[in-house]
Amino acid sequence: AMDYGRLQEACQQNSRDVHLQPTEYFIQKQFELFDMIQVRHGMMLVGPTGGGKTCCYRTLQAACSSLQEDSNPSSPYQKVHVHCLNPKAITQNQLYGSFDEVTREWSDGVAAEEIRNAVRDAGSPDHHWIMFDGPVDALWIESMNTVLDDNKKLCLVSGEIIALTEKMRMQFEVEDLEVASPATVSRCGMIYMEPESLGLQPFIDSWIEQLPETFAFQPKIGESLRGFCEAVLPPSIVYCRKRLIEVVKTQDNNLVQSLFRLLDCYFSKYIPNELRPAASFKEEVAELAECVGPLFFFCLIWSLGGSCDGPSRRLFSDWAWALVSEDLRETASAIPNVTLPPVQDIELEGLNPGCAFHDYFYSLELKKWVPWMQTIPTYEVPRGARYEEIVVPSIDSVRLMYCFQHLVLQDKHVLCPGPTGTGKSANIALWLQKEAPDHFQATFINFSAQTHVNQLQDLIDSKLEKRRRGVYGPPAGKKMVLFVDDLNMPIKEYYGAQPPIELLRQWHDHSGWYNRKELKKFDITDVIMVSAMGPPGGGRTFITERLKRHYSTLAYTEFQDESITQIFRTITDYFYTSFDEGVKELLPQAISSTLHIFKQALKDLLPTPAKSHYLFNLRDIWKVFQGICSLRSKKVQDPIIAVRCFCHENIRVYGDRLINAEDRGWLGGKLDGMLTESFTFKPEQVFSSERIIFGDFNDPSAAEKFYYEIEDLGKMKTVMEQSLDDYNNMNAVAMPLVMFTDACEHVARVCRVLRQPSGNALLLGVGGSGRQSLSRLASFMSEFDLFQIEVVKGYGMNEFKDDLKTCLMKCGNELKTTTFLFADTQIVNEQMVEAINNVLNSGDVPNLYKGED
């Protein structure tokens, strides 16, 4: 073996300086990189995330810089400058430079500028490494071929040719070379690094080293933490991989770091500062020493066991019991080649043997485990609250929000994956707006398939201020919480890269990005990233592990039946306080029946290409009860009306999506079954008339409109014809319609959606079935303004955005409720649908207004 002498000492020392473990493997990789730099000018560091690629070159950079000799300019040890950029966080034209299509003016690219800056420094002996940290694909790397072969020249479109100097090296840091061409790979030296060769031990050692210095008063804290980590973590991670299903895939080292992050949140208050010297912590540290075991296990449950789905949580809980109780060693299903560690001695006061660990919270003050629901005051619906404003806490939301705020308040980044409708965005937004401390400034961003990386960068930059030269951040004294919803929505490019996600990763890894005008990198401080996303599939993609590793994962699971029942029980009790007992007694059956129909719909009404809109989630249950809670006791005394309303809402929410008689028959059968089993009404009593229609439009002259059953269909038809005459008299373009019963029912359906807050409807049907004209009539009957775009020749995205601006301004400034009617024939550009999607999601379109607006 070759003797590296001084370099070996420098590498080991520089690793220790930044709390990295100088393991034999890690130091060996630095030597390989050093040797490669001597013989090649292009090299790639390849390997899965968490293998130490970034740390390897940074440590070698520090080691070479520390060995620099001024007297010997030809020595291999010189001061090293690393120029780091992510080639996919900008467009290809912004990477190499391009001509403006109209003015033919040349604008420079980031990579060209960085290489040019390194060439300018040819006079000094310093070394320059240009580090491309991002996915390699044939789009941008092919332009590098002349740089990487013996020519060593970068040829730009403008005709400029930049020759590399002897002191420059091109380095690439990539996860894999799946889409790189052989032409590129053959020109570069390869160094492969993998997390398996590092193992978990270096992570544990580095973390134990960095525990607060006040723990020195109680050396047993560090010893017991090390003992728990070394005994429990390796088999637990194997168990996770073999037995549990994760909502999104995670890396082993990320799970371990999530555990350390959660523990650090508890330990942060023991770090001495100017106001409290270390000596004053003696008694507090002694108290903490008694609770280290249960605290470690509580954090283990919410890090390793926090990223898996509902059924897997029960399995992980069994595994945790097998670790702490001699009697329950059998609960964890055995895994080949894994031996259970010895029983860990921890305090279990407050737990019944074998119960679900996830249902309990470990309280440091009480030194015992308490059920989650006891940690919050009993919830009462605030007086005068509207239906859509009520957020009832359930055990799922309480425990996830506790862990969430615990991490965010200590500047840790959190990712909340989970199925739609489980309250991810609602909970996070509620916390950021109502409960977050004053110095937290929330910024909301919704990703969608068409999110463009430049738009995202401009949007974030617009929220930042200059702190000092080259450093930007939120206003001084504030911290920005950047909430990115639907993180995995951006569409993948042909070769699989997702630029918006690469931009966020560039910030996580290198704490900043490039100003695209000045081509200078600037740092961004005081930002905490919080993200939510649905499970991959149906437009949502698998995102790169290199981004996910920076987050602690807190997975949302499908609600348990008890949670759903408790939530809607609370809401219906509030709305039905003034009703007769006969009506109130029906509420528990209504909740259980709605839940049953929802589960059956998920199982039987599956989406196929012909029925792509057969997608159901927990919001559908919410919509059913929104209708049921619209009834008022002044109008409804008879229980059968309430039962009819229950059937009507289910037919509206589920039945209106169904496209054929067979599926509608399925729903009718389910409702008949529910009526006889749960409500003890005969189906013919409830469905006594040919159609059940509820609405609030049948008495146009009334001062207060009530939502109730419309029994006289003839009167309804007269009311609609009267409204149609009024419409035709007031508008230049008349609608000569004949109101037959089906058309009246369509209008009633549209009116029902329009009267709901955030009521948006998608009308499917063949041309000429009256989708637009009946919507106009319904909007007129609801006394809303109607806005529609006019597509003329040359109508494009800019005109559409101006129209959208006009419409939103009108709603906001004049407080007029407006119906925005948009037909499929008006979609000139896919991005229009994208903008509409953003309005539905967040009520706003990113970058709709210019900076000066």
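The values are calculated or read from the model by the stated rules, or taken from the named source; none is laboratory data. These numbers come from a predicted model, not from an experiment. Backbone-built Cβ (ideal geometry, glycine too); neighbour counts: all protein chains shown. Heavy atoms of the whole protein, side chains included, go into the accessibility calculation; ligands, DNA and RNA do not. Shrake-Rupley method; radii C 1.70, N 1.55, O 1.52, S 1.80 Å.
Things to note:
- Taken about its Cα centre, segment 432-506 carries a charge dipole of roughly 440 debye when the Cβ of each Lys and Arg holds +1 and the Cβ of each Asp and Glu holds -1.
- For segment 582-736: rounded, prolate or oblate by the Cα gyration tensor [a/c cutoff 1.5]: oblate
- Charge dipole of the chain about the Cα centre (unit charges at C-beta), most positive-ward option of Tyr77, Gly665, Ile692: Ile692
- Magnitude of the charge dipole, segment 455-606, Cβ model with Lys/Arg +1 and Asp/Glu -1, debye to 20: 1200 debye
- Rounded if a/c under 1.5, otherwise prolate or oblate - segment 46-131, Cα gyration tensor axes: oblate
- Segment 226-283-segment 595-631 distance, computed between alpha-carbon centres (Å): 40 Å
- Principal-axis tilt of helix 741-754 within the chain, Cα atoms, nearest 10 degrees: 40 degrees
- Ranked packing of 839-850, 197-208, most packed first, by mean Cβ within 10 Å: 197-208, 839-850
- Pairs beyond 23 Å (Cα-Cα), from Lys249/Lys492; Lys463/Lys517; Lys623/Lys705; Lys434/Lys810; Lys492/Lys805: Lys434/Lys810; Lys492/Lys805
- Under 5 Å, built H, 5+ apart or other chain: amide partners of Ser552: His413, Val414, Leu415
- Cα long-axis angle, helix 219-243 against the chain (0 to 90 degrees, to the nearest 10): 60 degrees
- Residues whose amide H lies under 5 Å from that of Gly97, counting only those 5 or more places away or on a different chain, are Gly109, Val110; hydrogens are built 1.01 Å from N in the peptide plane.
- Of the residues Val157, Asn14, Gln441, the one whose Cα sits farthest towards the positive end of the charge dipole of the chain is Val157 (charges of +1 on Lys and Arg Cβ, -1 on Asp and Glu Cβ, taken about the Cα centre).
- In the structure shown, the pairs Lys412/Lys466; Lys53/Lys167; Lys53/Lys152; Lys167/Lys479; Lys167/Lys548 are assessed against 30 Å; a Cα-Cα span above that value is assigned to Lys167/Lys479; Lys167/Lys548.
- With an a/c value of 1.5 or above and a/b larger than b/c for the gyration tensor axes a ≥ b ≥ c computed over the alpha-carbon atoms, segment 499-593 is described as prolate.
- Angle in degrees between helix 252-267 and the longest Cα principal axis of the chain, rounded to the nearest 10: 80 degrees
- Counting only Cβ charges, +1 for Lys and Arg and -1 for Asp and Glu, the dipole size of segment 91-177 around its Cα centre is about 400 debye.
- Charge dipole (the chain, unit charges on Cβ, about Cα centre) - positive-most of Thr23, Ser773, Thr451: Ser773
- Remark: the chain carries 46 Å² of accessible area per residue (probe radius 1.4 Å; ligands, DNA and RNA excluded).
- Each residue of segment 158-166 was assigned a 3J(HN,Hα) from its phi angle through the Karplus expression (A = 6.51, B = -1.76, C = 1.60, θ = phi - 60°), giving 6, x, 6, 10, 10, 8, 6, 9, 4 Hz with x at Gly and Pro.
- The chain - percent of accessible surface contributed by carbon and sulfur, probe 1.4 Å: 51 percent
- Averaging the sequence gap over all C-alpha pairs within less than 8 Å and six or more residues apart, then dividing by the number of residues, gives the chain a relative contact order of 9 percent.
- Residues Glu783 and Thr91, FRET efficiency given R0 of 51 Å [Cβ-Cβ distance, rounded to 0.05]: 0.60
- For segment 438-502, alpha-carbon Rg and Dmax in angstrom: 13.8, 44
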